[in-house]
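Scroll down for the structure; my scribbles are underneath it.
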Amino acid sequence: MNSFQRICRSPAFLVLALILCAAVIVGGVALAPAAPKVWIVIPVLLAVAAVICFFVARSTSKAALQKKKEAENEGVVKADLDHAGIAANILAALGGKANVQKASCCATRLRFQLKDGAKVDEKALKSAGASGVIRSTPTACQVILGTQVRFVYEELQKLL
């Protein structure tokens, strides 16, 4: 079932549909003396219904995305460490010093070339303070840290 079908079957949508039907009936009765202009009520109400459907779909998709992010991070407790502690935890989560072939950084990420990508513990990386982990190849790993990455990289270089 796609998102449009789920929205159309939701109780909120059914209530809105009933309200719109009632509005069409009331509008038709109210505009009865001006019968030639009654036809304009239906397209206007359909446009309003489309706008309502758009915002309902948008809000439900945002809620689903937030729920998905919370499920991914379930059980992850971020440690409140200094830069040296973060670097040590990241190195341990990558499988240790022996597993890291090359390390570099950019404005927000640490980039690693690893010997064995299977040794990477993504939950431990997130617990160490990473906001995300990108695995482009089996042996390449990027750890997203944000603007503190330079300080963590300096501490990491001391450990390597």
Residue check, residue 135 against (1) in contact with a Cys (Cβ under 7 Å, 6 or more places away or on another chain); (2) in contact (Cβ under 8 Å) with a residue 40 or more places away in the chain, all met but one. Which one?
(2)
Among the residues of the range 121-138, how many are part of a loop (DSSP other than H, G, I, E, B) and within 9 Å of residue 93 (Cα to Cα)?
2
Please state which one of 101, 142 is at pLDDT 85 or above and more than 23 Å from residue 82 (Cβ to Cβ).
101
Checked 65, 81, 46 against criteria (at pLDDT below 80, closer than 26 Å to residue 147 by Cα and assigned to a helix (DSSP H, G or I)); the one match is 65
Suppose we keep only residues that are under 17 Å from residue 121 (Cα atoms) and among the polar types (S, T, N, Q) within the range 134-160. Which one would you say is surrounded by the most Cβ atoms within 10 Å (Cβ to Cβ)?
142
Taking the range 94-120 as the region of interest, how many residues are part of a helix (DSSP H, G or I) and hydroxyl-bearing (Ser, Thr, Tyr)?
0
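The values are calculated or read from the model by the stated rules, or taken from the named source; none is laboratory data. Every value quoted in this text rests on a predicted model; they were computed, and no experiment measured them. Neighbour counts are summed over all protein chains in view; Cβ atoms, including those assigned to glycine, are modelled from backbone coordinates with ideal geometry.
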